[in-house]
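K.L.:
One structure is given below, represented as structure tokens, and several questions about it will come after.
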Amino acid sequence: MNVDSIQNGIVIDHLKAGYGMRLYELLGLSDPELTVAIMKNVTSHKLGRKDIIKIDGITDVDLDVIGFVDPDATVNIIRDGRLIEKKSIEAPERLTNVLRCKNPRCISTTEQELPQIFVLSDRKTKTYRCLYCETRAEK
Amino acid sequence: MRSVIDILDLSTEELSELIKTAEDIIANPEKYQEVCRHKKLATLFFEPSTRTRLSFEAAMYELGGNVLSVSSAGSSSAAKGESVADTAKTVSCYADIIAMRHPKEGAAYVAAQNAGVPVINAGDGGHLHPTQTLADLLTIWREKGRFTGLTIGLCGDLKFGRTVHSLIAAMSRYEGNRFVLISPEELKVPSYVKNILKEQNIPYEQTEDLMSVIGDLDILYMTRVQRERFFNEEDYLRLKDSYILTPEKMNEAKADLAVMHPLPRVNEISVAIDKDPRACYFKQVLNGKYMRMALILKLLYEAGTLKELPERSRA
């Protein structure tokens with residue numbers, strides 16, 4: 001299967017297979033104005049199987065969101081058809097207004113004006129917890 | 001502004017200072033009876049809890065201070081839809097320190113972020129209740145004389161029992177303790193609490209059978225299976241009588257076991273045990289008041305509201 005290479009945009013590569021759609025959703029890529037290709041479950045020398053997202057026309061995405069979903073992903077910035085930068089990704093300490101707390105007893109679920117903040121509580125397992133109630137975030 | 005939301009906001013050194021202050025208050029109450037003169041504590045209780053509120057209010061009165069009180073969500077601005085943040089900002093204009101209980105988890109944190117005065121978390125839903133843990137710690141200290149090398153049994157509702165989670169977190173910071181977690185399958189400690197033990201290689205065992213372990217324990221911390229923490233009545237009725245401590249069971253326990261309970265109890269400790277010298281739960285109530293006094297003093301002093309504290313007598 002072939003997808004045309006992009007002229008200006010971002011390629012998020014080496015995503016663990018199965019994480020592509022979740023990242024698509026969290027990055028807000030369903031915006032009808034955006035041109036996006038998702039390739040899921042493609043063969044990879046490094047991972048066996050991987051997902052890839054190509055976004056045409058924009059070069060800034062929230063790297064923290066990518067770091068939350070898969071800190072081992074690679075992000076390539078393409079300009080005029082050429083790779084101009086590889087961004088390094090790591091799991092962010094804090095995620096603001098990306099996820100919503102699912103705990104119905106959490107203060108952030110009743111007080112809508114509160115920012116939704118998740119904090120990295122365990123770097124080894126990449127576990128994030130709600131700042132307010134410590135409920136674990138779902139990947 | 002220094003607030004106390006989680007027992008882990010206090011270092012072990014600070015805990016030991018609070019315990020020293022509490023013991024000095026117990027020994028010399030007259031020295032403290034005017035310390036908070038003209039200072040005001042606001043008790044904001046958006047969830048019913050008579051005993052915790054009374055304990056805070058008694059603590060402030062015994063320090064010579066005054067109390068402003070909101071005792072139910074229905075009669076307060078929260079009923080009109082005011083946010084916790086706005087309530088905290090408003091009450092900061094009236095009071096020198098706030099003790100807050102709220103049914104939502106994280107509410108006290110939000111209050112502390114917005115208040116201009118220290119906030120003490122007096123319970124945020126099923127999440128944290130640090131001053132109960134202060135009561136528990138003073139009780140363990142006074143009964144055992146140490147925080148190390150203890151076998152601590154926790155029994156009953158270990159899933160929703162926030163006092164259990166805080167006590168485990170607090171006692172994990174001391175050397176040589178071992179935890180025995182006694183509960184039905186449905187009410188086991190949540191994984192994040194168990195992780196505290198696992199990460200630090202602290203020995204613990206989980207069991208459903210109180211009798212198989214009661215003889216090993218130095219401390220038995222009983223908890224109530226709380227109706228308000230359940231989503232449905234059926235589960236509550238099925239599980240509430242799971243673990244009841246009776247004099248017969250106490251025969252198998254060590255002679256110096258300390259039986260603790262955050263209270264109120266329903267029927268999980270039979271009344272006959274109240275006369276047993278090993279029953280410490282009413283002492284715990286009193287210890288809670290002394291630790292709240294010590295904490296109020298500490299926070300008001302750190303906020304600059306109190307310029308000096310009485311010098312502690314040498315023990």
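K.L.:
So which strands (runs of 3 or more DSSP E) stay within the stretch B:31-141 end to end and still have 1 or more residues that are open to solvent by 10 Å² or more (accessible area, probe 1.4 Å)?
P.N.:
Of the strands (runs of 3 or more DSSP E) lying wholly inside the stretch B:31-141, those with at least 1 residues that are open to solvent by 10 Å² or more (accessible area, probe 1.4 Å) span B:40-45, B:66-70, B:97-102.
K.L.:
Okay, moving on. Pick from B:Phe179, B:Phe160: which is open to solvent by less than 10 Å² (accessible area, probe 1.4 Å), aromatic (Phe, Trp, Tyr) and either in the same structural domain as B:Ala255 (by TED's automatic domain parsing) or over 25 Å from B:Gly288 (Cα atoms) (or both)?
P.N.:
B:Phe179
K.L.:
Looking at the stretch A:43-63 only, could you name the residues that are assigned to a strand (DSSP E or B) and either under 26 Å from A:Tyr128 (Cα atoms) or of a type in the set (S, T, N, Q) (or both)?
P.N.:
The answer is A:Thr43, A:Ser44, A:Arg49, A:Lys50, A:Asp51, A:Ile52, A:Ile53.
K.L.:
Show the residue pairs meeting these rules: Cβ distance below 9 Å; 6+ apart or different chains; first residue within the stretch B:114-140 and away from chain A (no Cβ under 14 Å); second residue part of a loop (DSSP other than H, G, I, E, B) and hydroxyl-bearing (Ser, Thr, Tyr).
P.N.:
B:Ala115/B:Ser3; B:Val117/B:Ser3; B:Val117/B:Thr305; B:Pro118/B:Ser3; B:Pro118/B:Thr305; B:Ile120/B:Ser3; B:Ala122/B:Ser49
K.L.:
For the subset of the stretch A:1-27 comprising residues that are within 16 Å of A:Gly67 (Cβ to Cβ) and in a loop (DSSP other than H, G, I, E, B), which member is farthest from the chain's Cα centre (by Cα)?
P.N.:
A:Tyr19
K.L.:
Then there is this: If I ask for residues that are exposed (fewer than 12 other Cβ atoms within 10 Å of the Cβ) and among the polar types (S, T, N, Q), which ones from the stretch A:42-65 would you list?
P.N.:
Answer for the stretch A:42-65, where residues must be exposed (fewer than 12 other Cβ atoms within 10 Å of the Cβ) and among the polar types (S, T, N, Q): just A:Thr43.
K.L.:
Being surrounded by fewer than 21 Cβ atoms within 10 Å (Cβ to Cβ) and in a helix (DSSP H, G or I) is the filter here, so list the residues in the stretch B:5-17 that pass it.
P.N.:
Within the stretch B:5-17, B:Leu8, B:Asp9, B:Thr12, B:Glu13, B:Glu14, B:Ser16, B:Glu17 meet the criteria.
K.L.:
If you don't mind, another one. Only residues in the stretch A:4-17 that are among the hydroxyl-bearing types (Ser, Thr, Tyr) count as the first member; pair them with residues that are modelled with pLDDT under 95 and surrounded by fewer than 17 Cβ atoms within 10 Å (Cβ to Cβ), Cβ under 7 angstrom, at least 6 apart or cross-chain, and list the lot.
P.N.:
Once the first residue is among the hydroxyl-bearing types (Ser, Thr, Tyr) and sits in the stretch A:4-17, its partners that are modelled with pLDDT under 95 and surrounded by fewer than 17 Cβ atoms within 10 Å (Cβ to Cβ) give A:Ser5/A:Gly81.
K.L.:
From the residues in the stretch B:87-113 that are without any contact (Cβ under 8 Å) to a residue 24 or more places away in the chain and at the interface with chain A (Cβ under 10 Å from one of its Cβ atoms), which one is nearest to A:Tyr132 (Cα to Cα)?
P.N.:
It comes out as B:Gly106.
K.L.:
Then there is this: Could you figure out which of (1) within 19 Å of B:Pro264 (Cα to Cα); (2) in contact with a strand residue (DSSP E or B) (Cβ under 8 Å, 6 or more places away or on another chain); (3) of a type in the set (A, V, I, L, M) isn't true of B:Leu134?
P.N.:
All conditions pass for B:Leu134, except number (2).
K.L.:
Can we say B:Met171 is within 14 Å of another protein chain (Cβ to nearest Cβ) and open to solvent by less than 10 Å² (accessible area, probe 1.4 Å)?
P.N.:
No.
K.L.:
Hey, another quick one. In this structure, is A:Gly20 under 20 Å from A:Tyr128 (Cα atoms), of a type outside the set (A, V, I, L, M) and open to solvent by less than 50 Å² (accessible area, probe 1.4 Å)?
P.N.:
yes
K.L.:
While we're here: List the number of the failed condition for B:Ala27; all other conditions in (1) open to solvent by 40 Å² or more (accessible area, probe 1.4 Å); (2) within 17 Å of B:Leu299 (Cβ to Cβ); (3) aliphatic (A, V, I, L, M) hold.
P.N.:
(2)
K.L.:
Mind counting the residues in the stretch A:64-85 that are more than 25 Å from A:Ile117 (Cα to Cα) and in a loop (DSSP other than H, G, I, E, B)?
P.N.:
The number of residues fulfilling the criteria is 2.
The values are calculated or read from the model by the stated rules, or taken from the named source; none is laboratory data. Since the structure is predicted, the reported quantities are computational estimates derived from the model, not experimental observations. Heads up, the Cβs are rebuilt from the backbone with ideal geometry, glycines too, and the neighbour counts pull from every protein chain shown. Just so you know, the surface numbers come from the protein's heavy atoms only, side chains and all, with ligands and any DNA or RNA stripped out. Shrake-Rupley method; radii C 1.70, N 1.55, O 1.52, S 1.80 Å.
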